[in-house]
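Read the figures in this text as sums done on the coordinates, not as results from a lab. The structure presented is a predicted model; accordingly, all values stated were derived computationally and were not measured. Cβ placement follows ideal geometry from the backbone for every residue including glycine, while neighbour counts extend to all protein chains displayed.
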Amino acid sequence: MRKSAIPNLFTICNLACGFVAIHYAANGKLVPAAWLIVIAGFLDAFDGKLARLIDAEADSGEFGLQFDSLADVCSFGVAPAVLMLHYFEPTIHPSWAPLSAAFVFLLSGAFRLARFNIKREDTEPDVKPDFVGLPIPVAAATLCSFVIFSQRVWESTREPHVALSLCALLAFLMISPFDYPAFPRFTFETARDRFRIALSLSAMIIVFLYNEAAFFPVAMAFCFSGAIRWLKHQILDREAVDLS
């Protein structure tokens, strides 16, 4: 069996989760659809790492990269867009507003993936730079966490105007120039690596213990972290110019 079959199997499972999530969302099962998209995110997070671990990247070549990217468009672009359309469906008019919000999210996600693929070609294989723009799996997971939070924690009627604003915000963050940290390497070589690992583990523990209540706030904190880092760098750079 070719080494590339194992990470490609993860990608297939990712795609299957996105496909079934669309089916569930179309039938009004919003929370199960949202969790399926989240599961697809976990599968997507580890397929590339698994390929590097078993040295399967050379075996799959460009095919694995393109297959993963196309699966991501389905699972983290189309599926969340359909999920939000059915979240909006009984509560908001005119109909062009939710259609536009869902499509803008999908369009920004596709743009983000295309930009990532181009930049990846110019990056050295052993280098793991920060992401430019919010990664589409994180944006999709944030939308899903909102659906879960509003359905299971608020236990209120749907909040379409909040959801519209969230779609627009996430679409902007995906195509923004803000830097987001890549998944931390499991190394303690630098203080930065140690901090990222500690922060990631803390967030995972909080979400694990209080999943439906904590998932959305933790996801939003990560989404805003890129803008906060950008603003911090802008202030520090301006102060450095003023002092020079």
- line: Exposure-ranked with fewest Cβ neighbours within 10 Å first, S165, S69, S145 stand as S165, S69, S145
Charge context of F224, other residues only, Cβ under 15 angstrom, K/R +1, D/E -1: +1
query: From a point 7 Å beyond the Cα of S100 in the direction of its Cβ, which residues of the range 162-177 have a backbone N at a distance under 18 Å?
result: 162-173
Ordering of 17-23, 7-13 by packing [mean C-beta count within 10 Å, highest first]: 17-23, 7-13
- prompt: With each label point set 7 Å from Cα along the Cα-Cβ vector, what nm distance links L9 and H161?
  reply: 5.0
task: Pull out the extension gain between A182 and K119, defined as 0.36 nm times the separation in residues minus the alpha carbon to alpha carbon distance; nm, one decimal.
output: 21.3 nm
query: Hey, fewest Cβ within 10 Å first, where do D179, D130 land in order?
result: D130, D179
task: Would you pull out the residues with amide H under 5 Å of D179's amide H, same chain only if 5 or more places away, H placed 1.01 Å from N?
output: G133, W230
